[in-house]
1. Tell me, what is the per residue accessible area of segment 76-498 in Å², probe radius 1.4 Å?
2. What three numbers, in Å, describe the spread of the alpha carbons of the chain along their principal axes, ordered from the longest?
3. Which ³J(HN,Hα) values in Hz, rounded to whole numbers, follow from the phi angles of segment 232-237 under the Karplus curve 6.51 cos²θ - 1.76 cosθ + 1.60, where θ = phi - 60° and Gly and Pro get x?
4. So, by mean Cβ neighbours within 10 angstrom, what's the order for 235-242, 390-397, 135-142 with the highest one leading?
5. What does the charge dipole of the chain about its Cα centre add up to, to the nearest 20 debye, if the Cβ of each Lys and Arg holds +1 and the Cβ of each Asp and Glu holds -1?
6. Calculate for the chain the 222 nm mean residue ellipticity that helices alone would give, adding -39,500 (n - 2.57) per DSSP H run of length 4 or more and normalising by residue count, nearest 500 deg cm²/dmol.
7. With a 1.4 Å probe and every protein chain kept in, tell me what percent of the accessible surface of the chain is carbon plus sulfur.
8. Of K63/K483; K114/K357; K114/K356; K241/K357, which pairs sit farther than 18 Å apart, going by alpha carbon to alpha carbon?
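The values are calculated or read from the model by the stated rules, or taken from the named source; none is laboratory data. The shown structure was predicted, so the numbers you read here are calculated from the model rather than taken from an experiment. We place every Cβ from the backbone using ideal geometry, glycine too, and count neighbours over all the protein chains shown. Accessible surface areas use protein heavy atoms only, side chains included; no ligands, DNA or RNA. Shrake-Rupley method; radii C 1.70, N 1.55, O 1.52, S 1.80 Å.
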Amino acid sequence: MCYYLDGTVNLYMRPIEGITATVDLDQMKVIAYRDRITVPVPKAEGTEYREEMQKPPLDSKLKSITMLQPDGPSFSIDGHIVRWANWEFHLAFDMRAGLVISLASIYDPEKDEKRRVMYRGFISELVVPYMDLTEEWYFRIFFDAGEYGFGLCAVPLEPLRDCPENAVFMDGYFSGHDGTPGKISNVLCIFERYSGDIMWRHTETEILGKVIREVRPEVNLVVRTVSTLGNYDYIVDWEFKQTGTIKVTVGMTGMLEVKGSVYTHKDQIQEEVYGTLVAENTIGAHHDHFLAFHLDLDVDGDANSFVKKKLQTMRANKSKRTSYWTVNSKTVKTESDARIQLGSEAAELLVVNPNKKTKLGNCVGYRLIPQSVAGSLLMDDDYPQIRAAFTKYNVWVTPYNKSEKWAAGLYTDQSRGDDTLATWSLRNREIENRDIVLWYTLGFHHVPYQEHFPIMPTLSSGFELRPSNFFEHNPTLKQKPPKQINKIWPNCSVSAMAE
Ligand SMILES: [Cu+2]
């Protein structure tokens, strides 16, 4: 791919279309060169995104803002073990997966013990297939973890910008292709997030003569990493909540992959252009982002089962109502029944420990709450789909196997789709009451819009792993909320600030 750097640092917005160079990597030679079509290079004007390069006047309506923790953070880091509130987990950095969370356990005050939730969780693969069939574009299918290294492409985080004032940073190490150790400074940041949200609350107004109000503010612990893969930047947050929830959010920002075009107005377009005109001579190409999460949950031990609770509509007979819904719970026995395309039916998806029950007799579990149900729209016989077959389903469950880590195969670069999550799952192994891995494919269909030019505002999605009959009751009752900060500045009050 060729880009024109003149007049901008936003080279991705100035593609030189129509050129294909074929390089023999063994000989390190260009062995073929083709200049097929002539298309105007989009202009540099309007592609600048740096603050100092914007022409005045700049809008400065926002006043100062910060995050304060006068007593210091509430977490501690011991080597790579992080402890915060009721949580403990290990942080690692991997050149292929990026951030790896392992040995995540939560303290249960009722049992007075730490209970394992997740053995290991990481991004196994990230694929971005483009939907343009022309000669210079049809092959643009990027496996960002397997081909480029989601960790290798991680970038140093900038204090006060990428992470808030109260963040602590950690470096990442990897071995280069010749074995030389490499380092990425500040590759992870760890911070407590308080954004004014409510963990839970209630105002009781039904008791005559008094009002009872109880509000618990939400404070969470976030581990963040950012990987910049060419034009795109991925912000990955693993967030731990006192309620026992692990929330993962992936934010996408950076540059669209755009195509140079002869068109300057939508009315001129009479052919399939495989995208949206986002600026003059600039087409933002249709594409997807699919992230495969490897979630090796160990809910209270490693013998786990996958349970599908279908919500079924029932006809009511002897009632003034005609219908209701009820829950039909089924333990999934083998891999084939655990492949799920989300959105087609109402169901709760849980990983439970069938050998451990609450005092009330419910199996202890964690449930997957997906935010996105997007799955691949390509046909099964399309080459990108064969290689990225994990995108066909949003949810898969496999028995743990140490060689099954990378959803698009160990050797992704020249893969033909014979070593993927989909091919492993074809063995249809038993997954009941054993060490299992839950795979969630987080998908984004990306139809570009003009606001994504010249740099795209972050678009986020993700999932939650939420305790479900894991605790005997809401586990946060005895957790004291953080101290209110205005007490340390007696002269500063809300009303004074309002003036
Ligand atoms: Cu995109």
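1. That works out to 49 Å² per residue.
2. 77, 66, 61
3. Going residue by residue, I get 9, 10, 10, 9, 10, 10 Hz, with x marking Gly and Pro.
4. My ranking of the peptides, most packed first, is 390-397, 235-242, 135-142.
5. Details: 56 positive and 66 negative charges, 510 e Å.
The calculated dipole for the chain is roughly 2460 debye.
6. That calculation yields -500 deg cm²/dmol at 222 nm.
7. Values: 13960 of 26950 Å².
The computed percentage sits at 52.
8. Flagged as over cut-off: K63/K483; K241/K357.
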